[in-house]
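Chemist: Supplied in structure tokens, the structure appears directly below.
The values are calculated or read from the model by the stated rules, or taken from the named source; none is laboratory data. As the structure is a prediction and not an experimental result, all values here were calculated from the model. Cβ sites come from the backbone with ideal geometry, for glycine too, and all protein chains shown count toward neighbours.
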Amino acid sequence: MLSIFQCYDGKIFKQDYLRACAAANNIDCRTEILLKMSYENSLWPVVIVSTLVAYWIYRTVWIRGKLQSKYSRKCQSIVLPGPERIHRSIIKGTYPDASVKTMLDIFVRGMKISNNGPCVGYRPVNSAGVGDYKWLKYEEVLEKAKLLASNLLNFKATDPEHNSIVGIYGINCPEWVVSSLAVTLASSTIVPLYETFGNEAITQAILETKMSCVICDQLEKIQVLLRAKGRGAKALKHVILFDRDGIFRPEQMEKIAKQHNLQLHSLQQLTDLARSGGGGDNFKLPNLDNDLYMIAYTSGSTGSPKGTLITHASMVNSVHNIFTFLQSQDDEILKKQHRLISYLPMAHVYEQLNQALCFYIGAAVGFYSGDVQQLLDDIQTLQPNWLPTVPRLLNRFHDSIQANVRNHLCKWMLFRLAIAWKRFQFHFGIINSHHSRSYGFWDWVIFDQIKKKMLGGEVEICVSGSAPITAEVLTTCRAMFGCVIIESYGQTETVGPVAATLIDETEAGHVGALIPNTEVKLVDVEELNYYAQDDRGEICVRSNTLTSGYFRDAEQTEALIDENGWLHTGDIGQWLPNGALKIIDRRKHIFKLSQGEFVAPERIENVYQRCRAVGQIFVHGDSRQSYLVAVVVPQKEALLGWAVKKNIIQQRQPTDRWFDLLCKSQAAKQYILEEMKRCAQLHGLNSLEQVKKIHLSNEMFTTENGLLTPTMKNQRNSLKQAYRNIIEQLYASD
């Protein structure tokens, strides 16, 4: 150390240094002179370090002072006077554009704001796979919708029994948007049919609503519609096929039409026919803001599907509330130049609202290519600014990065140091002028590369909904991606979010502040020992967005909404000291063990998902039993890696065959159970909450096999039914 500061001619004193600095022409020269000062006779190294530390502290304090949020994270809701302790949003509800009353108005507003800019984009299929995004402008989409609407009106005019309910059965694509607008233009109601909703649920929706027309994207899906037709769906008379990529085959369609008394149409044929006849103008605009926009059949993780009634007013109010919530915190967070990636089911209210808000500000929606396995490639190609997501996807991002750095000590140490530094910054609320968390040294060295590789590099806002996300994953993703990540809470029945974290929120483990025009109270759940006086209980919501009830189900509607207009969500919530709302669990999912203790399986599953050996897990309990069991789909790489280390298999042996064999191995089961035990202890699960026995399955839970909902949550009833015999065997092996 002394040699670094040793002068070549003995010692340089202060006056010599100042004289030398005056003669120096650049900072590098001055630095060189400084480094030649005698260590024994100078305090300059201490001065330099002290100055740098002081500057860092000053900069930190200055940033915090300059970036105070308009709303304090210490007060996230207002408690109204009265015994019910009703909480209200801290953000005043407004209507930014009072002329917008329908979903069509939202689209037209976006067309004007964008000056007929790009509206929807898709990736065409070619011989090499999928190409770059192609875009339709707002006016093109509206024109196509008008032409289709004229045909829908003709169906009504020529058939007195034709009702005003139209099903849309397909994956996310521009034609879905065109069809939705066309149904609205024809003063009709859409019924979204989930791509993976299940044949029984689709048949139920068709029979209950007596829909007369279905618009779908694949010829194969007609078989599902024919099944419903054969079970009494006499009202179904028209099927319209998206005909992109040449799926419409006239000869085959004509044969099906004759056999089943259906009129089958190509979307392109109908629009060409309407265009040649000037039919694009033969439609009427909906003139009531409470017209029924949609009957949304909720997949639900329990029970049979129910049709939720959603009006134009509810959708528009929800868009206004979300817009106000975001814009009031940062007036530059929503821009017409933004692009949204659309891959979550269009049939879900969550995705519909994401797109509606996008159209409201004149932004563009890019659809994924239709294959979830290619989603990362779609994101990298589109480079979206706005990424709606669900916890399961964020978990995959998190686990993928962790797995990548875990096997390299240097990478792992740098990554952990960088995460720790960003968390330290979060503790002080350090963000830049546009609420981004991507501006520091570690972003430049590490996180910008991760963001570009996984999210395309342009994501500014990410919204996570549909299920709780663990605090560890949320905090780590906020650090890695350097963007605003909002966790929201809502239901189909609330038609949008009830609460969401503030855009400069740095803490995790809650769903944040209430959305404008929303009131929430907690009510006692005595059988679970939750009492409102302790700020814990069932969440009840009153808002201008709520559903009016379930389609033709007065009994369920009465149970949903009480006489005072409070919607009972069935979720258990807790008020934190700062007024933020925390979700504890789903009331219907909590069950009692034989000891009389209640356990919440979703929370337990979220903990075990953090175990590196666990890919997917379904936790089950029985009131006649004293412990929990689980079905586990192992994380393939972790299981195979363990088998290689134990010399059970060789490095280059086929992985899929060995994975199937290992899932039947008692040694593999013991390994995963031990990993789960360590994870449970690390995250504070008590003994009753820890799984005692497991079954290893080599079959993933997917929407295709009905074991996941379209929003990637465990379909608990289906899982219980699918593994009923295995669960019985686990308990019987005592």
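Chemist: Among strands (runs of 3 or more DSSP E) lying entirely in the stretch 516-625, which contain 1 or more residues that are touching a Pro at 6+ places or on another chain (Cβ under 7 Å)?
Modeler: Values: elements: 518-523, 536-543, 567-575, 581-586, 614-620.
Because the criterion is at least 1 residues that are touching a Pro at 6+ places or on another chain (Cβ under 7 Å), the strands (runs of 3 or more DSSP E) in the stretch 516-625 that meet it are 581-586, 614-620.
Chemist: Are there any pairs, at least 6 apart or on different chains, whose C-beta atoms fall under 6 Å, with the first in the stretch 195-218 and at positive phi and the second among the small types (Gly, Ala, Ser), and if so, which?
Modeler: 198/706; 210/235
Chemist: Report the residue count in the stretch 137-151 for those that are of a type in the set (S, T, N, Q) and closer than 14 Å to residue 118 by Cα. Outline the logic, then answer.
Modeler: Applying the first criterion (of a type in the set (S, T, N, Q)) to the stretch 137-151 yields 150-151.
Now narrow it down to the ones that are closer than 14 Å to residue 118 by Cα: none.
Residues that pass the stated criteria total 0.
Chemist: Return the total of residues in the stretch 85-110 being surrounded by fewer than 19 Cβ atoms within 10 Å (Cβ to Cβ) and not charged (D, E, K, R).
Modeler: 9
Chemist: Taking the stretch 320-338 only, how many residues are farther than 19 Å from residue 501 by Cβ and crowded, with 22+ Cβ neighbours inside 10 Å?
Modeler: 1
Chemist: List every residue pair whose Cβ atoms lie under 8 Å apart, where the two residues are 6 or more positions apart in sequence or sit on different chains, the first residue falls within the stretch 403-424 and is within 11 Å of residue 442 (Cα to Cα) and at pLDDT 80 or above, and the second residue, located anywhere, is among the basic types (Lys, Arg) and surrounded by 14 or more Cβ atoms within 10 Å (Cβ to Cβ).
Modeler: 422/437; 422/478
Chemist: Could you tell me which residue of the stretch 303-349 is nearest to residue 186 (Cα to Cα), considering only residues that are over 18 Å from the mean Cα position of the chain (by Cα) and of a type in the set (D, E, K, R)?
Modeler: 306
Chemist: Go through the residues of the stretch 452-463 one by one and say whether even a single one is closer than 27 Å to residue 708 by Cβ, small (Gly, Ala, Ser), buried (at least 19 other Cβ atoms within 10 Å of the Cβ) and in contact (Cβ under 8 Å) with a residue 40 or more places away in the chain. Step through it out loud before you land on a result.
Modeler: Taking the stretch 452-463 and keeping what is closer than 27 Å to residue 708 by Cβ, we get 453-456, 459, 461-463.
Filter once more, keeping what is small (Gly, Ala, Ser): 456.
If we keep only those that are buried (at least 19 other Cβ atoms within 10 Å of the Cβ) as well, we get 456.
Imposing the further condition that a residue be in contact (Cβ under 8 Å) with a residue 40 or more places away in the chain reduces the set to 456.
Yes, because at least one residue in the stretch 452-463 is closer than 27 Å to residue 708 by Cβ, small (Gly, Ala, Ser), buried (at least 19 other Cβ atoms within 10 Å of the Cβ) and in contact (Cβ under 8 Å) with a residue 40 or more places away in the chain.
Chemist: Right, something else. Looking only at the stretch 675-689, which residues are out of contact with any strand residue (DSSP E or B) (no Cβ under 7 Å at 6 or more places or on another chain) and either of a type in the set (D, E, K, R) or assigned to a loop (DSSP other than H, G, I, E, B) (or both)? Full working, then the answer.
Modeler: So the first thing to find is which residues in the stretch 675-689 are out of contact with any strand residue (DSSP E or B) (no Cβ under 7 Å at 6 or more places or on another chain), and the list is 675, 677-687.
Those that are out of contact with any strand residue (DSSP E or B) (no Cβ under 7 Å at 6 or more places or on another chain) and either of a type in the set (D, E, K, R) or assigned to a loop (DSSP other than H, G, I, E, B) (or both): 675, 677, 678, 683, 684, 685, 686.
Chemist: So, one more: Which numbered condition trips up residue 645, out of (1) in contact with a helix residue (DSSP H, G or I) (Cβ under 8 Å, 6 or more places away or on another chain); (2) modelled with pLDDT of 85 or more; (3) more than 21 Å from residue 471 (Cβ to Cβ)?
Modeler: (1)
Chemist: Let me ask something additional. Hey, any hits in the stretch 682-690 for a residue that's out of contact with any Cys (no Cβ under 8 Å at 6 or more places or on another chain), among the small types (Gly, Ala, Ser), closer than 24 Å to residue 626 by Cβ and in contact (Cβ under 8 Å) with a residue 12 or more places away in the chain?
Modeler: At the first step, the residues of the stretch 682-690 found to be out of contact with any Cys (no Cβ under 8 Å at 6 or more places or on another chain) are 682-690.
From what is left, the residues that are among the small types (Gly, Ala, Ser) are 684, 687.
Those left that are additionally closer than 24 Å to residue 626 by Cβ: 684, 687.
So of that shortlist, the ones also in contact (Cβ under 8 Å) with a residue 12 or more places away in the chain come out as none.
No; the residues of the stretch 682-690 include none that is out of contact with any Cys (no Cβ under 8 Å at 6 or more places or on another chain), among the small types (Gly, Ala, Ser), closer than 24 Å to residue 626 by Cβ and in contact (Cβ under 8 Å) with a residue 12 or more places away in the chain.
Chemist: Can you tell me which residues in the stretch 648-699 are within 25 Å of residue 603 (Cβ to Cβ) and among the aromatic types (Phe, Trp, Tyr)?
Modeler: 671, the sole residue that qualifies.
Chemist: Now a separate question. Cβ-Cβ distance below 6 Å, separation of 6 or more or different chains: which pairs start in the stretch 663-677 with a residue that is in the same structural domain as residue 633 (by TED's automatic domain parsing) and end on one that is among the polar types (S, T, N, Q)?
Modeler: Hits for this filter: 663/698.
Chemist: Select from the stretch 694-717 the residues that are among the hydroxyl-bearing types (Ser, Thr, Tyr) and surrounded by fewer than 22 Cβ atoms within 10 Å (Cβ to Cβ) and write down the one among them that is farthest from residue 633 (Cα to Cα). Let's see the steps before the verdict.
Modeler: To start, the set of residues in the stretch 694-717 that are among the hydroxyl-bearing types (Ser, Thr, Tyr) comprises 697, 702-703, 709, 711.
Keeping just the survivors that are surrounded by fewer than 22 Cβ atoms within 10 Å (Cβ to Cβ) gives 697, 702-703, 711.
On the way: 697: 5, 702: 12, 703: 15, 711: 19 Å.
Result: 711.
Chemist: Same structure again: Residue under question is residue 85, and the condition is that it be at pLDDT below 85 and charged (D, E, K, R); does it hold?
Modeler: Details: at pLDDT below 85: no; charged (D, E, K, R): yes.
Criteria not met by residue 85.
Chemist: Would you be able to say whether some residue in the stretch 375-387 is of a type in the set (Asp, Glu), surrounded by 23 or more Cβ atoms within 10 Å (Cβ to Cβ) and modelled with pLDDT of 90 or more? Reasoning before the result, please.
Modeler: Looking only at the stretch 375-387, we keep the residues that are of a type in the set (Asp, Glu), and these are 377-378.
Cutting the leftovers down to surrounded by 23 or more Cβ atoms within 10 Å (Cβ to Cβ) gives us 378.
Subsequent filtering for residues that are modelled with pLDDT of 90 or more retains 378.
Scanning the stretch 375-387 turns up at least one residue that is of a type in the set (Asp, Glu), surrounded by 23 or more Cβ atoms within 10 Å (Cβ to Cβ) and modelled with pLDDT of 90 or more.
Chemist: With the structure loaded, tell me whether residue 646 is of a type outside the set (A, V, I, L, M, F, W, C) and either in contact (Cβ under 8 Å) with a residue 40 or more places away in the chain or in contact with a strand residue (DSSP E or B) (Cβ under 8 Å, 6 or more places away or on another chain) (or both) or whether it fails that test.
Modeler: Working: of a type outside the set (A, V, I, L, M, F, W, C): yes; either in contact (Cβ under 8 Å) with a residue 40 or more places away in the chain or in contact with a strand residue (DSSP E or B) (Cβ under 8 Å, 6 or more places away or on another chain) (or both): no.
Here the answer is no, as residue 646 does not meet what is asked.
Chemist: Something else about it: Just one of (1) outside any loop (DSSP other than H, G, I, E, B); (2) modelled with pLDDT under 85 trips up residue 286, so point out which.
Modeler: Single failed check for residue 286: (1).
Chemist: Quick one: in the stretch 135-191, of everything that is assigned to a helix (DSSP H, G or I) and without any contact (Cβ under 8 Å) to a residue 24 or more places away in the chain, which residue is surrounded by the most Cβ atoms within 10 Å (Cβ to Cβ)?
Modeler: Within the stretch 135-191, the first condition is being assigned to a helix (DSSP H, G or I), and the residues that meet it are 138-158, 174-185.
Right, trim to without any contact (Cβ under 8 Å) to a residue 24 or more places away in the chain and you get 140, 157-158.
Values: 140: 16, 157: 10, 158: 8.
Residue satisfying both the conditions and the ranking: 140.
Chemist: Could you check the stretch 619-675 and list, in sequence order, the residues that are of a type in the set (A, V, I, L, M), closer than 28 Å to residue 718 by Cβ and out of contact with any Phe, Trp or Tyr (no Cβ under 7 Å at 6 or more places or on another chain)?
Modeler: Of everything in the stretch 619-675, those that are of a type in the set (A, V, I, L, M), closer than 28 Å to residue 718 by Cβ and out of contact with any Phe, Trp or Tyr (no Cβ under 7 Å at 6 or more places or on another chain) turn out to be 619, 628, 632, 638, 661, 662, 668, 672, 673.
Chemist: Where residues in the stretch 116-131 are closer than 14 Å to residue 368 by Cβ and not small (Gly, Ala, Ser), which of them is surrounded by the most Cβ atoms within 10 Å (Cβ to Cβ)?
Modeler: Once the filter is applied, the top-ranked residue is 120.
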